[in-house]
There are 2 protein chains.
Amino acid sequence: MVEELVALASLAPSVGYSQPCRFVRVDDPERRASVIESYQRANRAALASYQGADADLYSRLKLAGLRESPVHLAVFCDRTTSTGKGLGRQTMPQTLQYSVVMAICILWIAARARGVGVGWVSILEPEMVTRALEVPESWELIGYLCVGYPLSDDDKPALMRVGWEKCDPRATTLLVR
Amino acid sequence: MVEELVALASLAPSVGYSQPCRFVRVDDPERRASVIESYQRANRAALASYQGADADLYSRLKLAGLRESPVHLAVFCDRTTSTGKGLGRQTMPQTLQYSVVMAICILWIAARARGVGVGWVSILEPEMVTRALEVPESWELIGYLCVGYPLSDDDKPALMRVGWEKCDPRATTLLVR
């Protein structure tokens, strides 16, 4: 199923049909341990930036499933690809990275449609993870995904459920200019 | 329907539930004219970067539908939002912009499910577009979308159909580490 999800994700639109997405399944226990250590360091630093009730709540949040999820997927952007011949990214070069995010989004939806859960872990040191996985230097880490069947499902975002944040009405407002 | 699509897009996952997406429908003819001028300038410069057969093919590509599409949607990232309290973006701050890309992806899929076409125009000068739309300076342009019912549908990416680029097998390969 992971292969099927990757095949579907590769159908995502990409700027100038550059297809810069590179998928890496992380199976090796030592490499996984390095990623978990990176998460723990980044998360300790993040916790230290909060005070009072925020710090208390933050320390109790579940922010990754690196130990629980059977599948780890690291998703990279091949910054040096010549595929697509640079079309569409001369004035907005970051659309190459955005193309990888589109692929992650398609993978995520395809996973959910099959009852599989995806968690995007961004509390990581990208250089450390890239080094631990021994991928080409030109590959930029875009997302690190924990993939597996969830113990429970809920339509409400977890951070809303626990009271970390509410709905921001600005995100649903359509301005007219 | 545009309002419905924006409401669906706002359900996209966002880093730390930051919901940084800001949608602007561009209706004003003068503002649209400014965007079209920006596209023409950026596209002339892009064309000048190609030689020979590539230049010839590039000049015949349809790379935007700015005149044809009834709806223009500019999608911004509110870089200064405090929603989500910075959670998840201390080591990978670009996940704020990536959250907006996720919302664009959801909007795109929801549009296609309704028979509506979406074209992401990246051959634009982002500062010019931002200025023309008079949005807050802290808003960063992520995508400019041409939205409307397409004259025809095709499962094949247009750039593959016309021979600009082929399928890149690296985008479907799942490496194991």
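The values are calculated or read from the model by the stated rules, or taken from the named source; none is laboratory data. These figures come from a predicted structure and were not determined experimentally. Because the Cβ atoms are built from the backbone with ideal geometry, glycine has one as well, and the counts that use them run over all protein chains shown.
Numbers below:
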{"item": "Odd one out for B:Leu141 among (1) surrounded by fewer than 21 Cβ atoms within 10 Å (Cβ to Cβ); (2) within 25 Å of B:Ser18 (Cβ to Cβ); (3) modelled with pLDDT of 95 or more", "result": "(1)"}
{"item": "Selection within the stretch B:159-177 - out of contact with any Lys or Arg (no Cβ under 9 Å at 6 or more places or on another chain), at the interface with another protein chain (Cβ under 8 Å from one of its Cβ atoms) and assigned to a helix (DSSP H, G or I)", "result": "B:Leu159"}
{"item": "When residues of the stretch A:141-158 are limited to those that are of a type outside the set (Lys, Arg) and either without any contact (Cβ under 8 Å) to a residue 24 or more places away in the chain or assigned to a loop (DSSP other than H, G, I, E, B) (or both), the one nearest to the other protein chains (Cβ to nearest Cβ)", "result": "A:Pro157"}
{"item": "Looking only at the stretch B:20-59, and only at residues there that are over 30 Å from B:Pro93 (Cβ atoms) and among the aromatic types (Phe, Trp, Tyr), the one that is surrounded by the most Cβ atoms within 10 Å (Cβ to Cβ)", "result": "B:Tyr58"}
